[in-house]
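The values are calculated or read from the model by the stated rules, or taken from the named source; none is laboratory data. Predicted model, so just to flag it, every value in this text is computed and none were measured. When we count neighbours, we look across all protein chains shown, and the Cβ atoms used for this are built from the backbone with ideal geometry, even at glycine. These area figures cover heavy atoms from the full protein model, side chains too; ligands, DNA and RNA do not enter into them. Shrake-Rupley method; radii C 1.70, N 1.55, O 1.52, S 1.80 Å.
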Amino acid sequence: MDAVCGLLEAMSVEDFLALCRTAGWNVVEHPLKSRPDARHWHVRAPIGPGTVEVTLLLGTKWSIEVRTNRSSTWAEATAAELRVQISHEP
């Protein structure tokens, strides 16, 4: 089942990357052919399955998603944590 979050606003890219580094997650930026104006990252645990896809649209709107084929307990929990962190950043 896909776990998709609506668009969020608040956190800067620098703060997002710092949050990921602090948590010990691996983050790799990937281009999106369908949205060249967007920035897109795959967030993974250092070990184990699961990927959280994070996309920044138009420089202000964050989308956080766990696709069915990349789901795991870790990914679902991390997506939920990122949604809270991004939406509550001052």
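Ignoring ligands, DNA and RNA, what accessible area per residue does region 37-90 give at 1.4 Å, in Å²?
Each residue of region 37-90 exposes 50 Å² on average to a 1.4 Å probe.
Hey, if we sort Ser34, Ser72 by accessible area with the 1.4 Å probe, largest down, what's the order?
Details: Ser34 100, Ser72 20 Å².
The most accessible residue leads, giving Ser34, Ser72.
If we restrict to alpha carbons, what Rg and Dmax does the chain come to, in Å?
Over the chain's Cα set, Rg and Dmax evaluate to 12.0, 33 Å.
Nearest 20 debye, what's the magnitude of the dipole of the chain about its Cα centre given +1 on Lys and Arg Cβ and -1 on Asp and Glu Cβ?
260
Which value in deg cm²/dmol, rounded to the nearest 500, describes the helix-derived mean residue ellipticity at 222 nm for the chain, given -39,500 (n - 2.57) per DSSP H run of n ≥ 4 and division by the residue count?
-9500 deg cm²/dmol
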